[in-house]
Amino acid sequence: MLAAVGPDDPSGRRSLELMRAYGCSAHRVGDPDTLRSAVTWARKEAVTTARPVLLLATAQSSPEA
């Protein structure tokens, strides 16, 4: 399982598309409350498919930044 943390931007979305184009599973998580279930999914998906899985946790910029 590959995990990445970064902003929700075009390069992150391209990473998801690229993984999917190569037949791998990829999922974006933007809500911190769903991160645990997303990690559980990614682990199971990696075992089931025997392929790399990308889990991209995105962060929204705070209005104060």
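The values are calculated or read from the model by the stated rules, or taken from the named source; none is laboratory data. Note that the coordinates shown come from a computational prediction; the quantities given were computed from them, not determined experimentally. Positions of Cβ are backbone-derived with ideal geometry, glycine not excepted, and every protein chain shown enters the neighbour counts. Note: areas computed on protein heavy atoms with side chains; ligands, DNA, RNA excluded. Shrake-Rupley method; radii C 1.70, N 1.55, O 1.52, S 1.80 Å.
For the chain, what does -39500 (n - 2.57) per DSSP helix run (n ≥ 4), summed and divided by total residues, give at 222 nm, in deg cm²/dmol to the nearest 500?
Numbers: 2 runs with 27 residues, N = 65.
Value at 222 nm, helices only, nearest 500: -13500 deg cm²/dmol.
Could you tell me what percent of the accessible area of the chain is made up of carbon and sulfur, with a 1.4 Å probe and every protein chain present? Please report the intermediate quantities before stating the final value.
Numbers: 2560 of 4680 Å².
That share works out to 55 percent.
Note that the chain shows a convex hull volume over its alpha carbon atoms of 65 Å³ per residue.
In debye, nearest 20, what is the charge dipole magnitude of the chain about its Cα centre with +1 on Lys and Arg Cβ and -1 on Asp and Glu Cβ, if you could check? All intermediate terms of the calculation are to be shown ahead of the outcome.
Working: 8 positive and 7 negative charges, 80 e Å.
Once rounded to the nearest 20, the dipole reads 380 debye.
Positive contributions from Lys and Arg (+1) and negative ones from Asp and Glu (-1), summed over other residues with Cβ under 13 Å from the Cβ of Asp8, come out at +1. Taking Lys and Arg as +1 and Asp and Glu as -1, the other residues whose beta-carbon sits under 15 Å from that of Leu54 total +4.
Only one residue of Val29, Thr40, Pro7 has its Cα farthest out toward the positive end of the dipole of the chain, where Lys and Arg carry +1 and Asp and Glu -1 on Cβ, and that residue is Thr40.
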